[in-house]
Amino acid sequence: GIVRQVGADVTLFKPGDAVYYAGSLIRSGSYSEFQVVDERIVGHRPRTLDAAHAAALPLTSITAWELLFDRLGVTEGGGEGDVLLVVGAGGGVGSILVQLARQLTNMTVIGTASRPTTQAWVHELGAHHVIDHNRLLSEELKKIGIDNASHIVSLNSTDQHFAQIVEAI
């Protein structure tokens, strides 16, 4: 977004600044045309991102970060010997999660995707392996020489994959 006005106590931004943020859990309206936002949860939009990409990045990124480091308890730089399976690695959160895990941990990262173009993209994002979530996950893992995943994040059709997730972990 673009800052239109600032309050008297605002010090970090001025009208015309390009910004981005993930929203706030305590305030609704993130899809409104205009919003009042606390400057402490806003950042200057990187010059390398256009408005559309900047709008998509914060919420998916913080969700992926919190899944990996807060919910799963993986430590940055850790995870040696662990296997992370991301069901739905080609989606918004999944694609960020694959990149974060690959860049910031020592885990073996496996993404799922079913279409050849999405499989290739997930590989490009850094996944060590890509398996097809339309097949039995445990069999797909065995094909790449992995018996079980130590960590699984399911971002797509969890009810459809639940029994297979239980078996894969």
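The values are calculated or read from the model by the stated rules, or taken from the named source; none is laboratory data. Worth saying up front: this structure is predicted, and the values here are computed from it rather than measured. So basically every Cβ, Gly included, is an ideal-geometry build from the backbone, and we count neighbours across all protein chains shown. SASA here: full protein model, heavy atoms, side chains in, ligands and nucleic acids out. Shrake-Rupley method; radii C 1.70, N 1.55, O 1.52, S 1.80 Å.
Among the residues of the stretch 83-105, count how many are out of contact with any helix residue (DSSP H, G or I) (no Cβ under 7 Å at 6 or more places or on another chain) and farther than 17 Å from W65 by Cβ.
Of the residues in the stretch 83-105, 1 are out of contact with any helix residue (DSSP H, G or I) (no Cβ under 7 Å at 6 or more places or on another chain) and farther than 17 Å from W65 by Cβ.
Using the structure shown, decide if V109 is aliphatic (A, V, I, L, M), assigned to a strand (DSSP E or B), farther than 29 Å from G1 by Cβ and touching a Lys or Arg at 6+ places or on another chain (Cβ under 7 Å).
Criteria met by V109.
Restricting to the stretch 69-97, give me the number of residues that are outside any loop (DSSP other than H, G, I, E, B) and either of a type in the set (D, E) or in contact with a strand residue (DSSP E or B) (Cβ under 8 Å, 6 or more places away or on another chain) (or both).
The qualifying residues number 8.
For the stretch 91-110, give me each residue that is under 12 Å from the mean Cα position of the chain (by Cα), under 17 Å from N134 (Cβ atoms) and at pLDDT 95 or above.
G94
Hey, can you tell me all the residues within the stretch 1-31 that are loosely packed, with under 10 Cβ neighbours inside 10 Å, more than 23 Å from the chain's Cα centre (by Cα) and among the aliphatic types (A, V, I, L, M)?
Within the stretch 1-31, A8 is the sole residue that qualifies.
Criterion first (of a type in the set (A, V, I, L, M), surrounded by 20 or more Cβ atoms within 10 Å (Cβ to Cβ) and over 19 Å from the mean Cα position of the chain (by Cα)) does L137 satisfy it?
yes
Check A149, A120 and return the single one that is in a loop (DSSP other than H, G, I, E, B), at negative phi, among the hydrophobic types (A, V, I, L, M, F, W, C) and open to solvent by less than 70 Å² (accessible area, probe 1.4 Å).
Every option except A149 fails the conditions.
How many residues does the stretch 32-45 hold that are surrounded by 12 or more Cβ atoms within 10 Å (Cβ to Cβ) and in a loop (DSSP other than H, G, I, E, B)?
Within the stretch 32-45, residues that are surrounded by 12 or more Cβ atoms within 10 Å (Cβ to Cβ) and in a loop (DSSP other than H, G, I, E, B) number 5.
Counting only residues that are part of a loop (DSSP other than H, G, I, E, B), of a type in the set (A, V, I, L, M, F, W, C) and more than 14 Å from G111 (Cα to Cα), how many does the stretch 152-169 have?
1
Name every residue in the stretch 138-160 that is closer than 19 Å to L97 by Cα and either among the hydroxyl-bearing types (S, T, Y) or modelled with pLDDT under 90 (or both), in order of residue number.
Listed by number, the residues that qualify are S150, S154, N156, S157, T158.
Could you say whether any residue in the stretch 148-157 is touching a Ser or Thr at 6+ places or on another chain (Cβ under 6 Å) and either without any contact (Cβ under 8 Å) to a residue 24 or more places away in the chain or more than 26 Å from P58 (Cβ to Cβ) (or both)?
Among the residues of the stretch 148-157, not one is touching a Ser or Thr at 6+ places or on another chain (Cβ under 6 Å) and either without any contact (Cβ under 8 Å) to a residue 24 or more places away in the chain or more than 26 Å from P58 (Cβ to Cβ) (or both), which makes the answer no.
Can you go through V130, V98, V74 and tell me which one is surrounded by 13 or more Cβ atoms within 10 Å (Cβ to Cβ), within 25 Å of A56 (Cβ to Cβ) and in contact with a His (Cβ under 6 Å, 6 or more places away or on another chain)?
Going through V130, V98, V74 in turn, just one is surrounded by 13 or more Cβ atoms within 10 Å (Cβ to Cβ), within 25 Å of A56 (Cβ to Cβ) and in contact with a His (Cβ under 6 Å, 6 or more places away or on another chain): V130.
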